[in-house]
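Chemist: Here it is: the structure, laid out below.
The values are calculated or read from the model by the stated rules, or taken from the named source; none is laboratory data. Quantities reported herein were computed from a predicted structural model and do not represent experimental measurements. Note that each Cβ is placed from the backbone with ideal geometry, even for glycine, and that neighbours are counted across all protein chains shown.
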């Protein structure tokens with residue numbers, strides 16, 4: 001499983017990354033969490049707002065800090 | 001939006017305060033007013049702008065962005081309501097909906113006047129202010 005956090009590195013992006021890490025830890029699943037800060041890569045996803053969370057290539061949230069519970073729901077549903 | 005910008009979690013960096021403005025941007029004077037009003041609202045830091053056509057055409061990132069917006073503001077120009085239809089197609093209801101034609105402005109293929117732009121700007125600002 002791959003989780004990508006799209007964002008330029010501001011506190012909101014960092015918080016979303018923390019939430020993703022916590023969600024994965026709490027579920028006890030294996031996942032690669034990658035921060036994508038390259039603007040070209042972010043634009044290629046078609047998102048206009050950051051931070052965004054991408055789970056196995058699917059955009060799950062955009063322009064908000066998804067909560068640990070939300071992320072757990074998405075990851076758990078895989 | 002640069003790395004290490006020093007902004008706080010609640011600042012307007014990145015996603016802003018969650019207010020996202022969509023304009024129909026149609027060809028008529030009314031459509032062009034929506035675009036100009038959206039630009040001026042962005043310049044006044046009322047919210048960020050996003051592409052309505054991206055929502056209407058189903059670009060995943062833009063649909064999710066519209067769905068996740070804390071407060072989406074949709075401005076249509078005329079009674080055809082293309083913007084609202086695009087949102088409905090994506091299963092999204094805007095928090096604030098404004099239709100320029102409600103102000104009694106006549107649709108034509110001319111450049112919008114500064115007076116009409118300001119009139120609509122005030123109207124939309126009032127609508128946004130009324131929705132917390």
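Chemist: Out of the residues in the range B:87-107 meeting the condition of being within 13 Å of the chain's Cα centre (by Cα) and in a helix (DSSP H, G or I), tell me which one is farthest from the other protein chains (Cβ to nearest Cβ).
Modeler: Only one residue tops the list, namely B:100.
Chemist: Does the range A:27-50 include one or more residues that are within 10 Å of the chain's Cα centre (by Cα), more than 14 Å from chain B (Cβ to nearest Cβ) and either modelled with pLDDT under 95 or over 20 Å from residue B:48 (Cβ atoms) (or both)?
Modeler: Yes, there is a match, as at least one residue in the range A:27-50 is within 10 Å of the chain's Cα centre (by Cα), more than 14 Å from chain B (Cβ to nearest Cβ) and either modelled with pLDDT under 95 or over 20 Å from residue B:48 (Cβ atoms) (or both).
Chemist: While we're looking at this one, here's another question. Being in contact with a strand residue (DSSP E or B) (Cβ under 6 Å, 6 or more places away or on another chain) and either in a strand (DSSP E or B) or at pLDDT 95 or above (or both) is the filter here; which residues of the range B:13-36 pass it?
Modeler: Selection gives B:19, B:20, B:21, B:22, B:23, B:24, B:34, B:35.
Let's see how each residue does on (1) surrounded by fewer than 17 Cβ atoms within 10 Å (Cβ to Cβ); (2) in a helix (DSSP H, G or I); (3) out of contact with any helix residue (DSSP H, G or I) (no Cβ under 8 Å at 6 or more places or on another chain); (4) without any contact (Cβ under 8 Å) to a residue 12 or more places away in the chain:
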site	(1), (2), (3), (4)
B:38	no, yes, yes, no
B:46	no, no, no, no
B:55	no, yes, no, no
B:62	no, yes, no, no
B:79	yes, no, no, no
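Chemist: Condition check: in contact (Cβ under 8 Å) with a residue 12 or more places away in the chain and either within 14 Å of chain B (Cβ to nearest Cβ) or in contact with a helix residue (DSSP H, G or I) (Cβ under 8 Å, 6 or more places away or on another chain) (or both). Does residue A:54 satisfy that?
Modeler: Taking the combined requirement at face value, the residue satisfies it.
Chemist: Name the single residue, out of those in the range A:57-73 being under 14 Å from residue A:16 (Cα atoms) and more than 8 Å from chain B (Cβ to nearest Cβ), that is surrounded by the fewest Cβ atoms within 10 Å (Cβ to Cβ).
Modeler: Checking each candidate, the answer is A:69.
Chemist: In the range B:18-31, which residues are in contact with a helix residue (DSSP H, G or I) (Cβ under 9 Å, 6 or more places away or on another chain) and either within 10 Å of chain A (Cβ to nearest Cβ) or on the phi < 0 side of the Ramachandran plot (or both)?
Modeler: Correct list: B:18, B:19, B:20, B:21, B:22, B:23, B:24, B:26, B:29, B:30, B:31.
Chemist: Are any residues in the range B:102-122 surrounded by fewer than 17 Cβ atoms within 10 Å (Cβ to Cβ) and in contact with a strand residue (DSSP E or B) (Cβ under 9 Å, 6 or more places away or on another chain), and if so, which ones?
Modeler: Listed by number, the list is empty, since nothing qualifies.
Chemist: Same structure, new question: Output the residues belonging to the range A:1-44 that are surrounded by fewer than 18 Cβ atoms within 10 Å (Cβ to Cβ) and over 23 Å from residue A:69 (Cβ atoms).
Modeler: Answer for the range A:1-44, where residues must be surrounded by fewer than 18 Cβ atoms within 10 Å (Cβ to Cβ) and over 23 Å from residue A:69 (Cβ atoms): A:37, A:38, A:39, A:40, A:41, A:43, A:44.
Chemist: From the residues in the range A:4-22 that are more than 20 Å from residue A:57 (Cβ to Cβ) and part of a helix (DSSP H, G or I), which one is farthest from the other protein chains (Cβ to nearest Cβ)?
Modeler: Top of the filtered list is A:22.
Chemist: Next up: Name every residue in the range A:11-26 that is in contact with a helix residue (DSSP H, G or I) (Cβ under 7 Å, 6 or more places away or on another chain) and over 15 Å from residue A:53 (Cβ atoms), in order of residue number.
Modeler: Matches in the range A:11-26: A:26 only.
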